[in-house]
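The values are calculated or read from the model by the stated rules, or taken from the named source; none is laboratory data. Because the structure is a prediction, the values reported are computed rather than measured. Methodologically, a virtual Cβ is constructed for each residue, glycine included, from the backbone with ideal geometry; neighbour enumeration extends over all protein chains shown. Each accessible area value is taken on the protein alone, full model and side chains, heavy atoms only, with ligands, DNA and RNA left out. Shrake-Rupley method; radii C 1.70, N 1.55, O 1.52, S 1.80 Å.
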Amino acid sequence: MTGVAATGAALAGALALVGCGGSGAPGSSGAVLSVGASYMPQPVTADMAAGFLTITNKGDTKDELTSVTSDAAGEITMHETAGGAMQEVGSFEVPAHGQLVFKSGGNHLMFEKLKRRPEQGDTITLRLKFAESGPLTVEMPVRSATYNPSTGH
Ligand code: CU
């Protein structure tokens, strides 16, 4: 009898919002980060895709998003859009009691070297790393190519 049950993908998705960095400054709560509004518009090809999300910091200390990785893409870079041109940025600040917003026409994540073309209905698992806080895992849904919550375009 083989009693090996497939315990598969029963990840509870528990949000480990641990803002304690150990022996930090007394009285400081540190950064308290959460992620919302994430999505990837279905890309035209497997060469490149964009991704958007919002990171909220309810803590009283700023933090910094330093890298984004995923098994779905060989490389993910962070871009900002300034004066209509985009440029790669090494890190983004997440202000205390504030938000870091990635949205169409502004800051965005750029996925390259994709394993395959993401399609509407897929979910891309991302790992966000920060200068101070522990990493966060994000399940980013792939939406239609024209999905755009901010402009409705
Ligand atoms: Cu870009």
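Some observations on this one:
- Amide H contacts for residue 122 (H built 1.01 Å from N in the peptide plane; partners 5 or more residues away or on another chain; cut-off under 5 Å): 142.
- A simple spin-label model places pseudo-atoms 7 Å from Cα toward Cβ; at residue 97 and residue 47 they are separated by 4.7 nm.
- The simple spin-label model puts a point 7 Å past each Cα toward its Cβ; for residue 113 and residue 85 those points are separated by 2.6 nm.
- A cut-off of 5 Å between modelled amide H atoms, ignoring neighbours fewer than 5 places along the same chain, links residue 114 with 74.
- Residues in the stretch 91-107 carry Karplus couplings, in order, of 7, 10, 6, 10, x, 4, 6, x, 9, 10, 10, 10, 8, 4, x, x, 4 Hz; the curve used is 6.51 cos²θ - 1.76 cosθ + 1.60 with θ = phi - 60°, and Gly or Pro positions show x.
- Using a probe of 1.4 Å, the accessible surface attributed to residue 104 totals some 50 Å² when neighbouring protein chains are kept in position.
- Only protein heavy atoms count here; on that basis, with a 1.4 Å probe, residue 108 has an accessible area of about 20 Å².
- Grouping the Cα pair distances of the stretch 36-101 into 5 Å bins from zero gives a pair-distance distribution of 4, 14, 21, 26, 20, 10, 4, 1, 0 percent in increasing distance order.
- Computed over all pairs of different Cα atoms, the Kirkwood value for the hydrodynamic radius of the stretch 30-153 is 14.6 Å.
- Ligands, DNA and RNA excluded, the heavy atoms of residue 103 present near 110 Å² of accessible surface to a 1.4 Å solvent probe.
- Cα-based radius of gyration of the stretch 80-153 once divided by 2.2 N^0.38 Å, which approximates compact folds: 1.24
- Placed amide H near residue 102: partners under 5 Å, 5+ positions off or other chain: 53, 54, 55
- Phi to ³J(HN,Hα) by Karplus 6.51 cos²θ - 1.76 cosθ + 1.60 over the stretch 137-149, Hz, x for Gly, Pro: 9, 10, 9, 9, x, 8, 9, 5, 4, 9, 4, 8, x
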